[in-house]
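What follows is a short report on a single structure.
Quick note: the coordinates plus some simple rules give every number you see, no bench work behind them. For clarity, every value in this text was computed on a predicted model and none was experimentally measured. We place every Cβ from the backbone using ideal geometry, glycine too, and count neighbours over all the protein chains shown.
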Amino acid sequence: MTKKHELGALILRVILGLTFFIHGLAKFQGGIENIAGWFDSIGIPSFMAYIVAAIELVGGAAMILGLGTRIIAALFVIVMIGAISKVKLEAGFMGNGEMAGYELDVALLAMSVYLVIAGSSLYSLGQLVIGKDSNEK
């Protein structure tokens, strides 16, 4: 991957990680029990709220640091597909006046898919630990 593309991937990785980290943190700070109850009310087992929040919080931090970028991005893909299909799809792309649409979710999904495919090793702890470019096969 060229330096220009790697710089672009770094920007996506950090912004994606920060976005998920903040969403996960908000779930825990706002009362994860409330989120669990809401999950249950929409037909998702309440324990999944803890899993989703942990993926967002821990995965977001790992993404920022560049640890397991492709694996974390794949988990983000699953979370976004679930959010779009189970919660946001009914509200439409731009929302319905009562609830936000899935436009942000699609953007986060696309960023995640890109990082699953391309990875991001510039300034990543993963590259330091492994000792090679994560984009090498």
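Residue-by-condition table, conditions (1) part of a helix (DSSP H, G or I); (2) at negative phi; (3) touching a residue at least 24 places away in the same chain (Cβ under 8 Å):
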residue: 8; (1), (2), (3): yes, yes, no
residue: 15; (1), (2), (3): yes, yes, yes
residue: 28; (1), (2), (3): yes, yes, yes
residue: 34; (1), (2), (3): yes, yes, no
residue: 38; (1), (2), (3): yes, yes, no
residue: 44; (1), (2), (3): no, yes, yes
residue: 49; (1), (2), (3): yes, yes, no
residue: 54; (1), (2), (3): yes, yes, yes
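Within region 72-120, being of a type in the set (Ser, Thr, Tyr) and either more than 14 Å from residue 17 (Cα to Cα) or without any contact (Cβ under 8 Å) to a residue 24 or more places away in the chain (or both) holds for 85, 102. Of the residues making up region 85-108, those that are buried (at least 19 other Cβ atoms within 10 Å of the Cβ) and assigned to a helix (DSSP H, G or I) are 88, 105, 108. Considering 25, 18, the condition of being under 19 Å from the mean Cα position of the chain (by Cα), surrounded by fewer than 15 Cβ atoms within 10 Å (Cβ to Cβ) and among the aliphatic types (A, V, I, L, M) is satisfied by 18 alone.
Take region 99-114 and flag every residue that is farther than 18 Å from residue 5 by Cα and either of a type in the set (A, V, I, L, M) or in contact with a strand residue (DSSP E or B) (Cβ under 8 Å, 6 or more places away or on another chain) (or both). Passing the criteria: 99, 100, 104, 106, 107, 108, 109.
Looking only at residues in region 56-71 that are without any contact (Cβ under 8 Å) to a residue 60 or more places away in the chain and crowded, with 23+ Cβ neighbours inside 10 Å, which one is nearest to residue 22 (Cα to Cα)? Filtering first and then ranking leaves 56.
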